[in-house]
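Engineer: Here it is, the structure in full.
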Amino acid sequence: YSEQERARKRARKMGVPAHYFTLGVIFEDEWSYGIRDLFLFPNGVKVPMTRKESKIGAKSAKIVVIPFSHKRVLLTGFIDKTAKKQTWETPRGRGDPALDIETNGRRELLEQVGMAATSIEPIYEDTRYGKAVLLAHIIDGYNVPISKDRNIIAEVRWATLREIQYMITNGEITDPALIAAYMYLQRFDFPE
């Protein structure tokens with residue numbers, strides 16, 4: 001059976017029309033797509049989930065900024081309420097497709113943590129998918145806004161590469177972009 005057939009069979013058992021469980025793009029207008037795909041729960045159960053994706057957002061760049069100062073990286077901590085633990089990342093977001101990568105990186109840095117950069121250097125760029133990881137030398141003296149709300153920074157921390165290595169080893173850092181940046185910085189050291 002294909003996943004599609006299994007989903008439709010489940011719909012029939014539940015007594016709802018089979019098209020309720022159709023997978024893929026289920027609607028489209030000039031601004032967005034409606035997508036239904038399978039969500040895999042940790043216990044192995046697959047359930048169709050519907051989400052809405054912006055057409056503008058789908059075309060915009062995905063920007064990750066690694067702020068550094070004095071050979072330390074700024075980490076932002078978020079409370080993951082579902083996992084009931086704190087996760088560590090760096091500033092990121094969807095850039096504006098009309099702007100270049102450096103301008104998008106500067107905007108994300110200012111928007112996410114209220115910091116300005118003296119210089120920004122791309123350390124990874126995928127032009128096909130509009131993804132970029134940027135290394136940003138930041139200007140000292142800015143305060144990062146802290147909040148206990150969901151999806152807002154709960155804690156910030158400056159960490160050396162040795163501290164980041166320890167956090168990765170102990171599972172405190174699992175963010176792929178941050179781990180990739182750590183590998184880059186281990187190999188090439190921080191720009192001066």
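Engineer: For Thr169 and Gln186 in one chain, what is 0.36 nm times their gap in residues minus the Cα-Cα distance, to one decimal in nm?
Structural biologist: Result for the pair: 4.6 nm of gain on full extension.
Engineer: With a point put 7 Å past each Cα toward its Cβ, work out how far Gln4 is from His19 in nm, to one decimal.
Structural biologist: 1.5 nm
Engineer: Could you please put Tyr166, Tyr182, Tyr20, Tyr33 in sequence from largest to smallest accessible area, using a 1.4 Å probe?
Structural biologist: Tyr166, Tyr20, Tyr33, Tyr182
Engineer: With a point put 7 Å past each Cα toward its Cβ, work out how far Val45 is from Lys71 in nm, to one decimal.
Structural biologist: 5.2 nm
Engineer: Between Leu161 and Arg107, take the C-beta separation as r, use R0 = 30 Å, and let me know the FRET efficiency to the nearest 0.05.
Structural biologist: 0.65
Engineer: Still on this structure: Quick query: amide H of Ile173 versus all other amide H atoms, modeled in the peptide plane; which residues come in under 5 Å with a sequence gap of 5 or more or a different chain?
Structural biologist: Under 5 Å from the amide H of Ile173: Ile168.
Engineer: Additional query: What residues qualify as long-range amide H neighbours of Ile153, i.e. H under 5 Å apart, gap of 5 or more or another chain, H built at 1.01 Å from N?
Structural biologist: Residues meeting the criterion, in which the H sits 1.01 Å from N, are Ser147.
The values are calculated or read from the model by the stated rules, or taken from the named source; none is laboratory data. This is a predicted model, so every value here is computed, not measured. Cβ sites come from the backbone with ideal geometry, for glycine too, and all protein chains shown count toward neighbours. For accessibility, only protein heavy atoms count, side chains too; no ligands or nucleic acids. Shrake-Rupley method; radii C 1.70, N 1.55, O 1.52, S 1.80 Å.
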